[in-house]
Structure formats: structure tokens, C-alpha cells
Amino acid sequence: MPNRAQQIFKPEFRFGLGGVSLGNEFNKHTDKEAEATLDAAWDVGIRYFDVAPWYGFGLSERRFGHFLHNKNRSDYILSSKVGKLFKASKTNRHAEIFPFSDSPNDVVFDYTADGVRRSIEDSLQRLGVDALDIAFVHDISPDFAYFPNGWEEQYEIARKGAFPALSKMRDEGIIRAWGIGVNTPEPILKVLEDADPDVCLCARQYSLIDHATAVNELFPAVRENKVSLVIGSALNAGFVSGSGRFNYGAENFKIPVSAIDKREKIRAVAARFGVDLRTAALQFSAAPDVAVALVVGARSPQQVSENYNSMQTKIAPDFWAALRDQQLIDANAAIPQQP
């Protein structure tokens, strides 16, 4: 049964760097470019780093680990994901999913208790560190297209295996917190009933473009259950700031007309108030009371600086009032306060 007496988990750092881009999901980046990006993040004071074995089939973790193993482990927060194991193979099929990663690995989905422990051990080796702060059970969600028999079957395996194993690892002090990391609300609502998570990664569900379901269904449930959220993909994989993709997956180039229309309407309001759209999007996604951290990806030192500066910039309250008046943000959505 879920433990409702738990304290709300709040990481020490509220702004983090995500590892999708440096896993070469969207473009090929060299190790040197990745190192420069991580250096820039550290230099501006970013001390929360979120990675996953899935990102580049091990590439992202190796790159973050190469950087972080030279830092004091007590100086930063580190989260990664479980549920996918990787094994080197000369006949690997990484090119079908991450063609830019040049990974030697194939993936095996394993949400059992033993699989979770193996996943964390493998991540620690790739990262070159001795502990994770947060472990997110990854992608047990309707949008994940690579499961052979659907997400519900994998969720049930995780319910019996991964969830109790992670609670035990938390109680033993091996990790500080656990939850699930998904792109849709349904699995988070389920895990609140089935287990005792501390914090969940809510990716792409709370952005300027798409947030009503999170505000009105997900947030009340996590509040009631004393679970916090790390918000990811506030820019919908770069769409809000102008990229030619929307979220993730092989068909992310198929952008819904409704999303394009809403972005242009918000952009028009932003232009009227002299507000940068990236800045508005990041501050909006960081604003809810249940959001204890915002994780934003970056592929270059310039993007790191732009994201960091966006969090320091002041936005006039009239801008948010105008968005609400035009029904471009939900009436129940939190309005960002001045930094």
C-alpha cells in the first residue's frame, strides 16, 4: 500500500540540465562539444543533471559521467532512469532508434526487481559515480512505441518488480528517491495508487502549448499524495522556441496544426510585450507549486546560457494576464512570479 505519511521530496537545486540532446537524439554532437556544454552548465551554477540509459543507448550517461566524475559527488544532484538494459553487440540495431549515437548496444526491456538493480549498477559504471539521487522508472507510458506488447504489460511487471525494489533501495539508502519518468499523465496517476513514489518526471505534459490535463487532473492527485514533480520538456523538444519538431519519436516532424496555431498566437502576445517565447515557456513550466525542479536540455554552451538567462529575466504580469484573457493558458494554471 502507498505510504501517505512520507515527506515531500524536494531536491536542493530547482534548475537542471537534461541529457537527451547530448545523447545525440536530434543531431550528432562530438564528445568535445558535449564537454563544452557541460562545462558551460557547471559555470552558470547548474547542479542538477538528469540522464537515462535510453538517451543515445548509453551515450548520454557516458558523456555526463566523463564530466561529473571529476566533481565532488556531494556538490550536485543526479537522476537517471531504469527499465532498459543495454548490451554491446556487433549486430546492434541502434541506428533504427538513435542513428546519430553510434552506439554499440542493443536494448532489453526489463522492469523486474533484478532488472532495476542491474540497471542502476550499469548506470553507475557508465557515469563513473557511486550513487544516484533519484531513479525514475522510464517510459511505461502509452506514447512509448517500442514495447513488443504494449505499455500496460510492462507497467504490471514494474508494479510487481521495479516499484517495491526501488522502495526498498530508498529505505536502504542506496537512492534518495524514486518515481516514474513518462510523457503522459495516466501512468503517474496509476503509480500513485499502486506504490509509494517520491517524485515523478512529468515530461512534455506541462508546457505553454499543452498543460490543461496536468493542471486539472494530475496536479491535484500528486498534491493529495504528497508527491512532487520534476518538469521536463517545457519547450516540447524545442518546438516552443522554434524547432521543426514537436516532442519525441520517429514522427515528431508531424506537428499538429493546433500546436502551431497556439504557438503563433502566444508568440504574437509575446511580441506585443517584448517577451522572449523561450523565457516565457521555461518560467511558466517552473511555476506550479508541485514542480520542485525544471530540467531543460541543451546541445551547446549558447543554449545553456539562453536557458539560464531565461530563468533570471523579469516578465511583466500584464503578459500573463493577456494570455489568460485570450484563453491561451488555463484559468487554473499558476502564474510565474518575478525572479
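The values are calculated or read from the model by the stated rules, or taken from the named source; none is laboratory data. From a predicted model like this one, the values you see are computed outputs, not experimental measurements. Quick reminder, even Gly has a Cβ in these numbers, built from the backbone with ideal geometry, and neighbours come from all protein chains shown. Calculation scope for accessible area: heavy atoms of the full protein, side chains included, ligands and nucleic acids excluded. Shrake-Rupley method; radii C 1.70, N 1.55, O 1.52, S 1.80 Å.
Below is a table of values for the structure above.
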item: From Val240, Val269, Val275, Val230, residue being open to solvent by less than 60 Å² (accessible area, probe 1.4 Å), assigned to a helix (DSSP H, G or I) and touching a residue at least 40 places away in the same chain (Cβ under 8 Å); result: Val269
item: Failed item, numbered, when Asn252 is tested on (1) crowded, with 18+ Cβ neighbours inside 10 Å; (2) touching a residue at least 24 places away in the same chain (Cβ under 8 Å); result: (2)
item: Boolean, Leu235 is of a type outside the set (Lys, Arg), within 16 Å of Gly18 (Cα to Cα) and either outside any loop (DSSP other than H, G, I, E, B) or at pLDDT 95 or above (or both); result: no
item: Residues satisfying the stated conditions in the range 187-205, i.e. in a loop (DSSP other than H, G, I, E, B), among the charged types (D, E, K, R) and modelled with pLDDT of 95 or more; result: Asp196, Asp198
item: Test set (1) assigned to a helix (DSSP H, G or I); (2) more than 28 Å from Leu38 (Cβ to Cβ); (3) out of contact with any Pro (no Cβ under 9 Å at 6 or more places or on another chain) - Gln302 fails condition number; result: (2)
item: Which numbered condition Leu68 fails, given (1) of a type outside the set (Ser, Thr, Tyr); (2) farther than 19 Å from Asn307 by Cα; (3) open to solvent by 10 Å² or more (accessible area, probe 1.4 Å); result: (3)
item: Matching residues, the range 210-227, being open to solvent by 70 Å² or more (accessible area, probe 1.4 Å) and under 16 Å from the mean Cα position of the chain (by Cα); result: Asp210
item: Where Glu264 falls short, out of the listed (1) surrounded by fewer than 21 Cβ atoms within 10 Å (Cβ to Cβ); (2) in a helix (DSSP H, G or I); (3) in contact with a Ser or Thr (Cβ under 7 Å, 6 or more places away or on another chain); result: (3)
item: Count of the range 148-163 residues which are modelled with pLDDT of 95 or more and part of a loop (DSSP other than H, G, I, E, B); result: 1
